[in-house]
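Okay, so here's the structure we're looking at.
The values are calculated or read from the model by the stated rules, or taken from the named source; none is laboratory data. The shown structure was predicted, so the numbers you read here are calculated from the model rather than taken from an experiment. Heads up, the Cβs are rebuilt from the backbone with ideal geometry, glycines too, and the neighbour counts pull from every protein chain shown.
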Amino acid sequence: MQTIEIHGKKFLTSIPRTSIENEVKRVAAEINQDYKGKRPLLLGVLNGAFMFVADLMRNLDIECEISFVKMSSYAGTTTTGAVKQLLGLNESIEGRDVIIVEDIVDTGLTMQSMLETLKGYNPASINIASLFLKPARLKVPIDVKYSAFTIPDRFIVGYGLDYDGLGRNLPDIYDAAE
Ligand code: IMP
């Protein structure tokens, strides 16, 4: 097992790149099947999903398009926590089959707020593809149609996911050591 250090914190190898590759291919095959004859718009959520969405798209053999969005960190606060705002949606998604592509659904609050905003633009359908799901952390029910890995409540880095800005370039996934 390989140990690395990021910002003074130790991380251990957890998911090798070969497993990620296999699972991304499996998710792509499901999307190829479900969206046959359609032309989905992949909405990659920056920054974390950039690697996943690139690999996912290269495994799609249906017609598809891509665009990127971002959630602002904090646009204000409520009693339930941070209110985030959707940034970067420059085109109309009315009547489109949208697939939100996210790195990880943790509490689900980011996805909840993104779904609410996107539904207001009247897409034909919206589904979520997330590389990781941490069910133990979910605070709101979110229906994630496509997910590559379900993981325990541990902080992870690599393959696009960061720890305070670093670690996104790692080709494998690392778990925070206890
Ligand atoms: P949520 O709103 O709590 O679901 O947060 C989702 C966002 O938090 C993800 O898109 C990530 O940017 C970040 N995040 C949550 N868990 C992790 C993790 O284990 N590693 C890196 N980023 C994470």
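For beta carbons closer than 7 Å, sequence separation of 6+ or different chains, a first residue in the range 124-151 that is farther than 25 Å from Ala54 by Cβ and a second that is within 12 Å of the ligand (Cβ to nearest atom) and of a type in the set (Ser, Thr, Tyr), the qualifying pairs are Arg137/Thr107; Leu138/Thr107; Lys139/Thr107.
On the given criteria, is Met57 touching a strand residue (DSSP E or B) at 6+ places or on another chain (Cβ under 8 Å) and outside any strand (DSSP E or B)? Yes: the conditions hold for Met57.
Testing Ala136 on (1) at pLDDT below 95; (2) more than 10 Å from the ligand (Cβ to nearest atom); (3) in contact with a Ser or Thr (Cβ under 9 Å, 6 or more places away or on another chain); (4) within 26 Å of Asn22 (Cα to Cα), one condition comes back false. Which one is that? Here Ala136 clears every test but (3). Only one of the numbered conditions (1) surrounded by 12 or more Cβ atoms within 10 Å (Cβ to Cβ); (2) in contact with a helix residue (DSSP H, G or I) (Cβ under 6 Å, 6 or more places away or on another chain); (3) more than 20 Å from Gly165 (Cα to Cα) is violated by Asn32, and that is (2). Exactly one residue among Glu30, Glu94 is farther than 24 Å from Phe155 by Cβ and part of a loop (DSSP other than H, G, I, E, B), and that residue is Glu94.
For the range 33-54, a tally of residues being outside any loop (DSSP other than H, G, I, E, B), out of contact with any strand residue (DSSP E or B) (no Cβ under 6 Å at 6 or more places or on another chain) and among the aromatic types (Phe, Trp, Tyr) returns 1.
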